[in-house]
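Data block below; observations after.
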Amino acid sequence: MRFLLLLLIPFFVFSQTNTNSQSQKFDSIYYGIAVNVSSENPIKAKYLADSLLVYSSNDKQRIKILMLIADVLDKQEKKGESILKALDALEISKKERDYIWQSRIYGFLSSQYRSIGFIDKGRSFLNEGVEVSNQINDKRKVLKYKAMINHELAEYAFEEKDYYKAIDYLQLAMISYEKEEDPSFKNFVKANVEELIGRSFLCLGKKNLAITHFSRANILINKSGSGNSLHAALIYQGLGDSFLHKKKCDSAIIYLNRALGISEKSDNENLKEKVYGSVSKYYAKVNVLDSFIVFSNKYHGILSKNSNHKKQMINSAYNALQVGISTNNNLYYIIIVIIVFLILFFVFFGKIMAMFGITNDNSILITDDNKVRDFVISQKTEIELLERLKEFEASNNFLDKDISLPTLIGQLNTNTRYFRQFLKKNRDTDYNDYINELRIRYILDKLKTDNKYLTYKISYLADECGFSSHSKFSASFKNVTGYTPSDFIRKIKCDNYA
């Protein structure tokens, strides 16, 4: 959400050389929908964009509107439909040999797939965009695109929790954005850069720097005229969170209320999740129990809803990807048939070897206890995966409430079936119990080493270590320790007193 619109608006700026009054009128309407309506009222924006598509007079206009519709669908969390519209626009831009639009559509698709966890596919779209951009003759436009590539690379680095790298990419993007001629767009993109820099510093624990950059973002987004947009709500939520970390609750609630007002008028459930989470933390800190319960319930309710919705988005995005593949020529089908044939050959060959007890000397054989399914797994591969798993455990990424088996598998660069058996062999557990035990071990360490944790409510402890509910936390805590959380805290207090 933070980045996608940036890929679309510059085309209005680029189109100003067109002197045709009808074209200028079209561009003016397009810009108004893209900047003002789409953020504040996506449903209305979708209706207007559909109407504008009917009256488009050429392929360039149709590309613009298809991409505007794609952006609006994204704001409504309809990733699959959004991707399909972008793929339609991509086909037209290829037919037109419009390398500027092609490069930006690839960037848009990269953002879409990154946002749902298809990191490798997202990067491949980004690489295609870079390759296409080399065919753009206008160097000014190439520089604009390179700036947005750096902005998108920063998003990837942020997702991977490499916050210093994200900041480096953002600073490179900012250099190019400073040269933007249109003042509204310049302030808009700079606000988005400052917001992500602020969020990176907040994740690094550098609260003062976070507040500095969020404050700059706040000034810039309002100067751009987008102070009531979803992008602005992210900035207000970031400022509120930063002030909460500084224990400046009076300042925090001012910005959190702004974010809350925008988010509750929107259909963007991810924004609501962020804002409800921050507001519930605020009420926990000021000990207003009734309001804490209300927003905590809202947060956990939408967290569960978003988790289910994300699964649906992944499925629809996957289906859209298959549609994108099907639009290419028959060469793809030939390649796929060859690959399938080779896979079947090697699977069959592997089973024949296993029947006769033939294995590679440097490999181990893993057998499912319930079904006869053999995998010949390289010891080198297992050692590498074990190292990556240790890095994951040391990173505390398991505290992320959004962590899922597909996400972890993507980080570890493995596959589901192998990882389940690998986890059983090396940790004697399944995925859910593995993540839950890591979270409980984390909170146990906090309880034993930091006395202030002994005073926190159980619901706060559950939230701190990544559980979506008090009950799940308590059940997992007892499974790991043999005590309920309350009994364990009483035991530690007793031991300390003794």
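The values are calculated or read from the model by the stated rules, or taken from the named source; none is laboratory data. Since the structure is predicted, the reported quantities are computational estimates derived from the model, not experimental observations. Ideal geometry is used to build each Cβ from the backbone, glycine not excepted, and the neighbour counts take in all protein chains shown. Ligands, DNA and RNA are excluded from the accessible area calculation, which covers all protein heavy atoms including side chains. Shrake-Rupley method; radii C 1.70, N 1.55, O 1.52, S 1.80 Å.
Got a sec? Which of TYR483, TYR453 is outside any helix (DSSP H, G or I) and of a type in the set (Phe, Trp, Tyr)? Every option except TYR483 fails the conditions.
When the stretch 131-145 is examined, which residues are found to be surrounded by fewer than 16 Cβ atoms within 10 Å (Cβ to Cβ) and not acidic (Asp, Glu)?
ASN134, GLN135, ASN137, LYS139, ARG140, LEU143
Taking the criterion of being of a type in the set (A, V, I, L, M, F, W, C) and open to solvent by less than 70 Å² (accessible area, probe 1.4 Å), the residues of the stretch 204-223 that qualify are LEU204, ALA210, ILE211, PHE214, ALA217, LEU220, ILE221.
Looking only at the stretch 228-235, decide whether some residue is more than 20 Å from ILE197 (Cα to Cα) and touching a residue at least 60 places away in the same chain (Cβ under 8 Å).
Yes, the conditions are met somewhere in the stretch 228-235.
Across the stretch 429-440, the number of residues qualifying as in a helix (DSSP H, G or I) and surrounded by fewer than 15 Cβ atoms within 10 Å (Cβ to Cβ) comes to 1. Somewhere in the stretch 247-263, is a residue open to solvent by less than 30 Å² (accessible area, probe 1.4 Å), in contact (Cβ under 8 Å) with a residue 40 or more places away in the chain and among the small types (Gly, Ala, Ser)? No: the stretch 247-263 contains no residue that is open to solvent by less than 30 Å² (accessible area, probe 1.4 Å), in contact (Cβ under 8 Å) with a residue 40 or more places away in the chain and among the small types (Gly, Ala, Ser).
For residues in the stretch 224-246 being more than 22 Å from LYS75 (Cα to Cα) and either aromatic (Phe, Trp, Tyr) or not in a helix (DSSP H, G or I) (or both), which is least open to solvent (accessible area, probe 1.4 Å)? Checking each candidate, the answer is PHE243. How many residues are open to solvent by less than 50 Å² (accessible area, probe 1.4 Å), in a helix (DSSP H, G or I) and closer than 25 Å to ILE219 by Cα when one looks only at the stretch 264-296? Counting residues in the stretch 264-296 that are open to solvent by less than 50 Å² (accessible area, probe 1.4 Å), in a helix (DSSP H, G or I) and closer than 25 Å to ILE219 by Cα gives 9. Restricting LEU126, LEU66 to those that are buried (at least 19 other Cβ atoms within 10 Å of the Cβ) and more than 27 Å from GLU178 (Cβ to Cβ) reduces the list to LEU66.
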